[in-house]
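Working notes, structure below.
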Amino acid sequence: MTTKEVTIQTEPFVVNIGPAHPSTHGVFRMRTTLDGEVIVNMEPIFGYLHRGIEKLAEERTYGGCIPLTDRLDYLASMSNNMAYCLAVEKLAGIPVPLRAEYIRVIMAELQRIASHLIAVGAFLNDCGAFMTPIVYMIREREKILDLFDMVCGQRLTYNYMRVGGVSQDLPAEFIPALRKFLKEMPGWINEYDRLLKQNEILLARAKGVGILPRELAINISASGPVLRASGVEWDLRRADPYSIYDRFEFDIPTGSAGDCYDRYRVRVEEMRQSLRILEQALKGLPEGEVRSEVPHLIRPPVGEAYGHIEAPRGELGFYLVSDGSIAPYRFHVRAPTLINLTALNDMMKGWKVADLILIFGSIDICLAEVDR
Amino acid sequence: MTVALSGSKIAKQLGKKFPGAVIKAGADSLLLKGESLLAVAEYLKTTPDLDFDFLNYITAVDYYDYFEVVYQFTSLKHNHGLVLKVRCYDRENPTLPSVVSLWRGADLQEREIYDLLGISFEGHPNLRRIVLWEGFDGHPLRKDFL
């Protein structure tokens, strides 16, 4: 019997991943073109959660827009509140009492830790460490949610900050609970690291995968941990200090390779830095008013303002235009996760389907913010 | 602190190279002619002492008489910023040059503006609707939509 050599012709085919797929962290569709298992092209398709928040805001008062901002990146509502309030305060020239600034910083940093816990936990889920790490991280996030619950009675959409301050002062039980949290949290972060930092499977799956080179990261306007993991030391808390961030000492963790592993490491290190800021903020927290005198209906002078903060997922900004009335004439959100998606195709090309889930998870997006 | 560069200073610098490109210089912004946007943007990006390598955001506003598209740039190296504005007076078919060739970060944002305000960007590699579906009637963020 003789053997015969046969050439089989293969051709790329299209697979839709999502919109309702457990690894898409929401409703997001990746229209992938595959050659066997290898990704040839990936086209992101979204808009399934588009609620027209930018249009809705044009019909509301400046104060009435705050609940809308909760519903942008719902894993970091406090940060959204803060960015929006900063933009309105800039537009209308409203002062904020010092105690309120400290409370805002405490809330924003707690929110950063809570958000990174979910980001890292979900990313490890995507890596195949199914459910074990994320349960550890949700355990700690619960404690932060309890703290938020104390100050505003909410666990997800806080609506806590107001233009000119915050809605109410900290309750008596908050400070001891925060002290306890600050004492325990470093140990928990060390626990994650013992469990995962040198984990062989994680290293094999995440190191060198989904590289975003430094030049490209800047060119696509990436921000937050995605930009810093590519080796750019750029953090708005340091580069363009808002609120009272110029008073605190902290480091900016950066990666070097810009791969999935670096993005994961940057987030873990940022949690440690946030704890440092929280310690300092707690020490310096002054007594006093938590809200300045602001009219019920704010009528900022005709003009425009852009206020931005370093949210957990990157540069979150609000561009507001006022025509002198009680409602914003234009309300634009600079959504960090939307812009971080720009280079997704470049990061995924050439990797396998299993890596696609991982690369997507490492960017840490929130679809409610992408679609708005 | 990110320093906002003075618009009139930059306008002076641009005046020699691009006569007539700047319509108005604000405190931290420049109002440009639409057709000179791309050339000025390239100059801002490639000149070493300006070095605007980071595009913060693009957005557009409907002022009834015209659309205003706003670009904010930052230089990560020098830590300074500048805002560029361009106006579009045509309501039927507003068109501007795309800056995707210089800053790829503009890609999804220009698509969003095209989707929600109906401004076309010439030279964009993939100008399609982004959050609404193909065939949707109108552009919701226009003031005459609702």
Report task. Please give the calculated 222 nm ellipticity per residue for chain A, where each DSSP H segment of at least 4 residues contributes -39500 (n - 2.57) and the sum is spread over every residue; nearest 500 deg cm²/dmol? Result -> -14500 deg cm²/dmol
Query raised in the report: Looking at the range B:66-141, which GluC sites (Glu not before Pro) are in a loop (DSSP not H, G, I, E or B) and have at most 15 other Cβ atoms within 10 Å?
Result: B:92, B:134
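Just in the range B:39-146: which trypsin sites (Lys or Arg not before Pro) are loop by DSSP and have at most 14 other Cβ atoms within 10 Å? Could you put the intermediate results ahead of the total?
Working: sites: B:45, B:77, B:85, B:87, B:91, B:104, B:111, B:128, B:129, B:142, B:143; in loops: B:77, B:91, B:104, B:128, B:129, B:142, B:143.
Here the trypsin sites (Lys or Arg not before Pro) that fit, given the DSSP loop and packing criteria, are B:77, B:91, B:128, B:143.
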Query - Note, ³J(HN,Hα) from phi for the range A:233-238, Karplus 6.51, -1.76, 1.60, rounded to Hz, x at Gly and Pro - result: 8, 9, 9, 4, 5, 9
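Show me the helices of chain A, taken as full DSSP H stretches, that run 15 Å or more along their long axis by Cα and average 0.0 or above in Kyte-Doolittle hydropathy.
On the way: long enough: A:77-92 (22 Å, 0.39); A:98-127 (43 Å, 0.70); A:132-152 (30 Å, 0.39); A:174-196 (32 Å, -0.13); A:260-284 (36 Å, -0.83); A:353-363 (16 Å, 2.29).
For chain A, where a helix must reach 15 Å along its axis and average at least 0.0, the hits are A:77-92, A:98-127, A:132-152, A:353-363.
Find me the longest stretch of chain B that has none of the exposed chymotrypsin sites (Phe, Trp or Tyr not before Pro), where exposed means in a DSSP loop (not H, G, I, E or B) with at most 16 other Cβ atoms within 10 Å.
On the way: sites that count: B:63, B:64, B:66, B:89, B:133, B:136, B:145.
Maximal segment without exposed cleavage sites: B:1-62.
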Requested in this report: Of the options A:131, A:209, A:157, report the single residue whose Cα projects farthest towards the positive end of the charge dipole of the range A:108-228 (beta-carbon charges: Lys, Arg +1; Asp, Glu -1).
Outcome: A:209
Query raised in the report: HN-Hα J couplings of the range A:330-336 from phi, Karplus 6.51/-1.76/1.60, θ = phi - 60°, integer Hz, Gly and Pro as x?
Result: 9, 9, 10, 10, 8, 8, x
Query raised in the report: Taking the inverse of the average 1/r across all pairs of different Cα atoms in the range A:201-336, what Kirkwood radius in Å do you get?
Result: 17.4 Å
Report summary line: Counting sequence-distant residues (5 or more places) and residues on other chains, those with an amide H built under 5 Å from that of residue B:124 are B:98
Query raised in the report: Quick one: in the protein assembly as shown, what % of C-alpha pairs are over 46 Å apart?
Result: 11 percent
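Please report the projected area of the range A:1-111's Cα convex hull averaged over all directions, in nm². List each step's numbers first, then the result.
Details: hull surface 48.2 nm².
That works out to 12.1 nm², a quarter of the Cα hull's surface.
With 24 Å as the cut-off, how large is the P(r) tail for the range B:3-96, expressed as percent of Cα-Cα pairs?
Values: 736 of 4371 pairs.
Value for the range B:3-96 (Cα pairs over 24 Å): 17 percent.
If you take the beta carbon distance between residue B:76 and residue B:39 as r and set R0 to 25 Å, what does 1/(1 + (r/R0)^6) give as a FRET efficiency, to the nearest 0.05?
Values: r = 23 Å, r/R0 = 0.91.
That pair, residue B:76 with residue B:39, gives E of 0.65.
In the range A:113-173, which GluC sites (Glu not before Pro) fall in coil by DSSP and have 12 or fewer other Cβ atoms within 10 Å? Write down the numbers at each step before the final one.
Values: sites: A:140, A:142, A:173; in loops: A:173.
Loop-located and lightly packed - A:173.
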Query raised in the report: So if R0 is 56 Å, what FRET efficiency would residue B:28 and residue A:9 give, r being the distance between their Cβ atoms, rounded to the nearest 0.05?
Result: 0.40
**Report entry** Listed residues A:269, A:11, A:310, most fluctuating in chain A (Gaussian network, C-alpha, under 10 Å)
**Finding:** A:11
Query raised in the report: Can you give me the relative contact order of chain A as a percent, contacts being Cα pairs under 8 Å and 6 or more apart?
Result: 27 percent
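Bear in mind these aren't lab numbers, they're just calculated from the coordinates by the rules spelled out. Here the structure is a predicted model, which means the values were calculated and not measured. Note that each Cβ is placed from the backbone with ideal geometry, even for glycine, and that neighbours are counted across all protein chains shown.
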